[in-house]
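Structure, as structure tokens:
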Amino acid sequence: MTTSKSLPPRPSLESLRKQAKKLARDIDARDTDAIARAQLQLPNIELPLTQRNAQLVIAREYGFAGWQELTAEVRKRLGNDLEQAAAQAQSAIHNNDVERLKQLLAEYPALLSWHDVGAERGLLGIATGSYGDSFNSLSEQHFTRADCAELLIDVGAVVIPSVCEEILSSRARGLLQLFQRKGLLPRTLKFFVALGDIDAVRTALDENVNDLPAITEAFTSACSFEHESIASLLLDEVIARDPELGALIDGSVGRPTFARYFIDNRPGHATELGLWKAFVMEHVKRAVYSWSGSETSLKDRRGDSDLPAFVELLQRESWLLGEDLVEFQTEIIQRAALQGRGEFITALLDLNPAILRRQPPPTSQAIEFAFTYANTDVIPILTRIWPVPDDLPHAAAMGNLARVKQWFDDSGAPALGGIQNHYPSSPYMPKDRVAESSRQWGPLTQQHVLDVALAWSVINSHLDVADLLLQHGADINTTWSSHEPASILHELVWHRNYEAMQFLIDRGIDMTIKDHRWNSTAQGWARYAANDERMAHWLEEAEQQQKR
């Protein structure tokens with residue numbers, strides 16, 4: 001009979017839990033050795049053992065006072081190894097390397113319950129998480145990793161509710177079917193709707209007669225997955241419970257057109273605010289811009305907009321300007337800043353929305369968007385709400401060479417006074433965006449601050465500032481990007497800024513850098529994403545010249 005044990009160099013917490021469960025089962029089966037082990041460690045304990053006491057016995061057999069102390073030691077020993085294994089597993093998922101992922105899971109069973117710091121999602125959430133909308137099967141193939149997800153499910157990965165919710169929001173139909181086959185989808189109305197199961201929808205409706213929010217959410221899900229007949233059924237159900245909504249719809253566009261609008265445009269906020277308000281809010285958003293064209297620069301690639309309709313809607317629906325809609329007002333300003341549509345921001349602010357009176361102002365990416373997408377002409381308008389942060393990246397983006405120089409000491413070394421005071425840790429940046437930045441590029445470092453400053457200075461054509469930053473340690477080959485890791489050259493493709501691209505090429509930027517998502521060079525982005533053969537050819541020639 002074993003009375004003391006030693007932990008292996010890389011212990012498994014799951015294995016220890018299983019040992020405790022087995023001990024409890026053996027005692028239930030009146031196994032004499034198991035009973036003796038328990039009584040040795042806990043002389044006065046009553047049998048059979050609870051799971052908690054079984055864990056206490058196991059902990060003491062390994063020489064620890066309790067289960068908490070044992071698990072702390074396990075985590076300490078596994079800490080670096082597990083995080084490194086998790087990083088390798090994430091890379092395997094990104095590369096859709098199922099065999100490598102299988103090897104890692106066999107070697108590190110704790111990966112099944114691992115989750116990344118700052119985001120409550122594990123490897124399964126990473127495999128199912130979508131880079132963008134996945135309704136198109138080709139997009140789902142590029143944006144998600146169904147084979148890796150299936151492996152993780154089959155070996156027992158923890159499935160948290162947010163995983164299923166994200167599949168729903170990204171419209172990943174293949175993953176939806178996979179989770180349905182595995183019996184992992186919640187048996188709720190909105191998931192029946194997403195699957196297009198109208199019989200299950202009817203049954204669920206009979207069981208949820210008065211649950212208006214659930215039926216409203218199900219209607220938006222039906223529209224999102226383009227199940228028009230189910231959407232029509234659910235809209236009638238919503239109106240039966242909300243006659244006022246029916247009067248608004250029937251007295252304006254009519255039910256078929258209303259449902260079709262939700263299918264085509266997928267308005268948000270419907271569950272919280274109601275279908276009619278969501279309908280109106282989406283019209284306001286659509287008035288700001290709609291994308292069109294592929295042969296123009298980002299600054300000119302603005303599509304159709306309708307400023308008079310935008311103003312008329314805001315004036316008629318004055319509730320849009322209220323305190324409860326500050327988040328929506330912020331979203332409108334961010335959209336307009338991204339597109340360089342300062343006239344829409346001015347029109348909104350001239351109507352005295354509640355955002356002007358909010359103290360402190362809500363966090364926003366508006367200034368970040370203005371600099372990232374070279375729309376600095378909107379900055380003076382944005383400063384009616386948000387001051388431009390006084391840090392190195394923002395000074396660089398503004399082309400303020402004198403202020404940029406002040407962020408370096410006499411020896412030329414950075415003198416930032418704490419990187420937490422610099423973008424992307426700016427207090428004006430939403431916490432989820434900070435967390436996203438950390439997940440993509442790791443914890444914030446001084447080098448990140450320098451590199452973002454370089455990127456913003458180049459994108460906004462402040463090339464004198466960019467030269468200074470390169471002389472003071474900024475990395476011309478940084479993989480900073482507006483979304484996922486790529487080079488500054490990749491970003492400039494969308495701006496069609498030949499002068500800035502030539503600046504980087506002349507200073508030796510590595511033109512073979514490939515982006516994280518598409519594994520493509522800047523030349524590939526020009527040819528296949530921007531559909532600009534002229535630019536692709538120009539970059540090809542520039543690369544040949546650079547090699548000579």
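Mind ranking 83-94, 155-166 by how tightly packed they are, going by the mean number of other C-beta atoms within 10 angstrom, highest first? Could you put the intermediate results ahead of the total?
Working: 83-94: 17.7, 155-166: 15.9.
Ranking, from highest mean packing down: 83-94, 155-166.
For helix 198-207, what angle does its Cα long axis make with the longest principal axis of the chain, in degrees from 0 to 90 and rounded to 10?
For helix 198-207, the angle is close to 70 degrees.
Could you sort the peptides 138-149, 220-231, 34-45 by per-residue average Cβ neighbour count (10 Å cutoff), highest mean leading?
220-231, 138-149, 34-45
Need one number: nm distance between label points at Glu73 and Arg403, each 7 Å from Cα along Cα→Cβ, rounded to one decimal.
5.5
Rounded to the nearest 20 Debye, what is the dipole magnitude of the chain about its Cα centre when Lys and Arg each give +1 and Asp and Glu each give -1 at the C-beta?
1280
State the Cα centre-to-centre distance between segment 45-70 and segment 337-390 in whole Å.
Between the Cα centres of segment 45-70 and segment 337-390 lies a distance of 58 Å.
Along the positive direction of the dipole of the chain (beta-carbon charges: Lys, Arg +1; Asp, Glu -1; about the Cα centre), which of Gly268, Leu124, Leu248 reaches farthest?
About the Cα centre, the residue reaching furthest to the positive side is Leu124.
About the Cα centre, and with charges only on the beta carbon of Lys, Arg (+1) and Asp, Glu (-1), how big is the dipole of segment 13-71? Nearest 20 debye, please.
140
If I model segment 170-274 as equal point scatterers sitting on the Cα atoms and use the Debye formula, what is log10 I(q)/I(0) at q = 0.13, 0.20, 0.22 Å⁻¹?
Each listed q corresponds, in turn, to -0.44, -1.02, -1.21.
Take each of the peptides 402-413, 20-31, 451-462, average the number of other beta-carbon atoms within 10 Å over its residues, and list them starting from the highest.
Per-residue Cβ counts within 10 Å, averaged per peptide and sorted highest first, yield 451-462, 20-31, 402-413.
By how many nm would the segment from Leu416 to Ala106 lengthen if fully extended, with 0.36 nm per residue of separation less the alpha-carbon distance?
107.1 nm
According to a simple spin-label model (label point 7 Å from Cα along Cα-to-Cβ), what is the distance in nm between Ser169 and Ser91?
It works out to 2.9 nm between the two label points.
Which one, Ala526, Val465, Ala172, is farthest towards the positive end of the dipole of the chain when Lys and Arg carry +1 and Asp and Glu -1 on their Cβ?
Ala172
What share of Cα pairs, in percent, lie more than 42 angstrom apart in the chain?
36
By how many degrees, 0 to 90 and rounded to 10, does the Cα axis of helix 533-547 deviate from the longest principal axis of the chain?
Roughly 80 degrees between the two axes.
Which is farthest toward the positive dipole end of the chain among Gln545, Pro9, Val57, measuring Cα position about the Cα centre, with Cβ charges +1 (Lys, Arg) and -1 (Asp, Glu)?
Toward the positive end, the furthest listed residue is Val57.
With angles folded into 0 to 90 degrees, how steeply does helix 431-441 sit against the dominant principal axis of the chain? Use alpha carbons for both and round to 10.
80
Principal axes first, then extents: for the Cα atoms of segment 13-71, list largest minus smallest coordinate on each axis, whole Å, largest first.
Answer, in whole Å and largest first: 28, 22, 16 Å.
Based on a Kirkwood Rh over C-alpha pairs, give the Stokes-Einstein translational diffusion coefficient of segment 1-144 at 25 °C and viscosity 0.890 mPa s in µm²/s.
Stokes-Einstein gives a translational diffusion coefficient of 140 µm²/s.
Relative to the Cα centre, what is the charge dipole magnitude of segment 392-547, using +1 at the beta carbon of each Lys and Arg, -1 at the beta carbon of each Asp and Glu, and rounding to the nearest 20 debye?
Result for segment 392-547 is approximately 360 debye, rounded to the nearest 20.
Taking the Cα atoms of segment 330-489 alone, what are Rg (to one decimal) and Dmax (as a whole number) in Å?
Values for segment 330-489 (Cα only, Rg and Dmax): 15.6, 51 Å.
Could you name the aspartates and glutamates whose alpha carbon sits less than 18 Å from that of Lys405, not counting residues in the same chain fewer than 8 places away?
Reachable aspartates and glutamates: Asp390, Asp391, Asp451, Asp464, Asp467, Asp475.
Given the pairs Lys18/Lys76; Lys76/Lys182; Lys102/Lys182; Lys285/Lys514, which span a C-alpha to C-alpha distance of over 25 angstrom in this model?
In this structure, Lys76/Lys182; Lys285/Lys514 exceed 25 Å between Cα atoms.
For segment 237-382, count the residues as N, evaluate 2.2 N^0.38 Å, and divide the Cα radius of gyration by that value, please. All intermediate terms of the calculation are to be shown ahead of the outcome.
Values: Rg = 16.4 Å, N = 146, 2.2 N^0.38 = 14.6 Å.
In units of the 2.2 N^0.38 Å rule of thumb, it is 1.12.
By how many nm would the segment from Asp81 to Asp147 grow when fully extended, if each residue of separation counts as 0.36 nm and the alpha-carbon distance is taken off?
21.3 nm
All of the numbers you see were taken from the coordinates with simple rules; none came from a lab. This structure is a prediction, so every number in the text was calculated from the model and none was measured. Virtual Cβ from ideal backbone geometry, glycine too; neighbours counted across all protein chains shown.
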